Amino acid sequence: MIQDIYPSRLDNSFRRVTPSECPEKSFAVCFKDDRILADTSGRDVIFPRVSQVSVNAEIIYLFAIDDESFFLVRKNEDSKVKNGSLGYYTIRELRDKCRGKYLFAAFTAFHLAKWYDDNRFCGKCGGKTESDDAERALVCMNCGNKVYPRINPAVIVGVINGDRILITRYRSGFAHNALIAGFTEIGETLEQTVQREVMEEAGLRVRNIRYYKSQPWGMASDILVGFYCDVDGEDTIKMDESELKYAEWVSRENIELQPYEHSLTNEMMKIFKNGEVS
């Protein structure tokens, strides 16, 4: 999955670093209209260095991977970027072209950049927010309201029916095979989300809900939580046609995996296909 970067390691602990304290070889993460500045000529994402961007830019420390630091650079002037092979790409374009620890860095940076951008002003009084000195938070300069990074919980559900699993495809957007998925609503447990989403999308009851694994998915500010479960009773699928264009029971040998191995969904389909879960 995208976060499986071992032996590399993400260090997301908060640090208050001024631009003058940025190590010379630190990476600059620059966005324009939700597109990230990068060189994708190889199999991995290449970011510009902080030293390549405008000295007048606003620089915010994000995280480190191993001994390499990543800084969000805002209000950067494109003309100050010196590497001609750099261009702006959507996160989906990077996902389809690249892999490795720097792709994970791009996902994680996108998550934080969206949070900073969406919370420039206080949701309570409309005052301007600024970064807190002690933790990853934004503080309203007018009323003191404090805002932390938002993480949206969602479930990925492998519904099993003997030697078959429920495979879906979305009506729009992502074109490849998927599993039942959805966001947790107010007042729900994750297990209740599993039951509701399967009923809403496929008209099925489930039992024996069991946790598999979780995954950060920065391109949507999500934490994805994977579960397997068994169909309970009647197995006739009643597909939600407003959400899905395909929903069928598929045997292990006939499962068609996604074209890349970034997602929790693909891993869950893969281990069922290989007979590692039943």
Residues residue 234 and residue 133, FRET efficiency given R0 of 51 Å [Cβ-Cβ distance, rounded to 0.05]
0.30
Note, the stretch 263-278: 3J(HN,Hα) by Karplus (6.51, -1.76, 1.60, θ = phi - 60°), whole Hz, Gly/Pro = x, goes 9, 4, 4, 5, 5, 5, 5, 5, 6, 5, 4, 7, x, 8, 9, 9
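Relative to the present Cα-Cα distance, how much length would full extension add between residue 88 and residue 212 at 0.36 nm per residue of separation? Spell out each step's value before the answer.
Numbers: separation 124, 0.36 × 124 = 44.64 nm, distance 3.56 nm.
Extra length from residue 88 to residue 212 when fully extended: 41.1 nm.
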What length, rounded to one decimal in nm, is gained on full extension from residue 49 through to residue 256, with 0.36 nm per residue of separation minus their alpha-carbon distance?
70.6 nm
At 7 Å along Cα-to-Cβ for each site, give me the label-to-label distance between residue 185 and residue 9 in nm.
4.1
Semi-axis lengths (Å, descending) of the ellipsoid that matches the C-alpha gyration tensor of the stretch 10-116:
19, 16, 13
If amide H atoms are built 1.01 Å from N in the plane of the peptide, which residues on other chains or at least 5 residues away come under 5 Å of the amide H of residue 29?
71, 72, 73
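Taking the Cα centre of the stretch 158-214 as the origin, how large is its charge dipole in debye, to the nearest 20, when only Lys and Arg (+1) and Asp and Glu (-1) carry charge on their Cβ atoms? Could you put the intermediate results ahead of the total?
On the way: 8 positive and 7 negative charges, 46 e Å.
Roughly 220 debye, rounded to the nearest 20.
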Placed amide H near residue 212: partners under 5 Å, 5+ positions off or other chain:
226, 227, 228
Once you compute Rg and the Kirkwood Rh from C-alpha atoms, what is the Rg to Rh ratio for the chain?
1.02
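If contacts are Cα pairs under 8 angstrom and at least 6 residues apart, what is the relative contact order of the chain in percent? Show your work: numbers first, answer last.
Working: 549 pairs, mean separation 45.5, N = 278.
About 16 percent, as a whole number.
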Summing +1 for each Lys or Arg and -1 for each Asp or Glu, what net charge is found among the other residues whose Cβ lies under 13 Å from the Cβ of residue 246?
-3
Nearest 5 is fine: what % of DSSP beta bridges in the stretch 152-273 come out antiparallel, could you say?
70
Residue 271 to residue 199: FRET efficiency via 1/(1 + (r/R0)^6), r the Cβ-Cβ distance, R0 35 Å, to the nearest 0.05?
0.90
Mean separation of Cα contacts under 8 Å (at least 6 apart) over the residue count of the stretch 1-158, i.e. the relative contact order in percent, is 22
Which residues qualify? For residue 127, with a placed amide H closer than 5 Å and at least 5 residues away or on another chain, they are 122
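If I stretch the segment between residue 171 and residue 241 completely, what's the gain in nm (0.36 nm per residue apart, minus their alpha carbon distance), one decimal?
Values: separation 70, 0.36 × 70 = 25.20 nm, distance 0.76 nm.
Between residue 171 and residue 241, full extension yields an extra 24.4 nm.
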Quick one: if the Förster radius is 51 Å, what FRET efficiency do residue 278 and residue 35 give, using the C-beta to C-beta distance and rounding to 0.05?
0.75
Through the Karplus equation 6.51 cos²θ - 1.76 cosθ + 1.60, θ set to phi - 60°, convert the phi angles of the stretch 205-218 into ³J(HN,Hα) values in whole Hz; use x for Gly and Pro.
8, 10, 9, 6, 6, 9, 5, 10, 6, 10, 8, x, 9, x
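Values in this text are rule-based calculations from the coordinates and carry no lab data. Keep in mind it's a predicted model, so treat the numbers as computed, not measured. Reconstructed Cβ throughout: ideal geometry from the backbone, glycine too, with neighbour counts over all protein chains shown.
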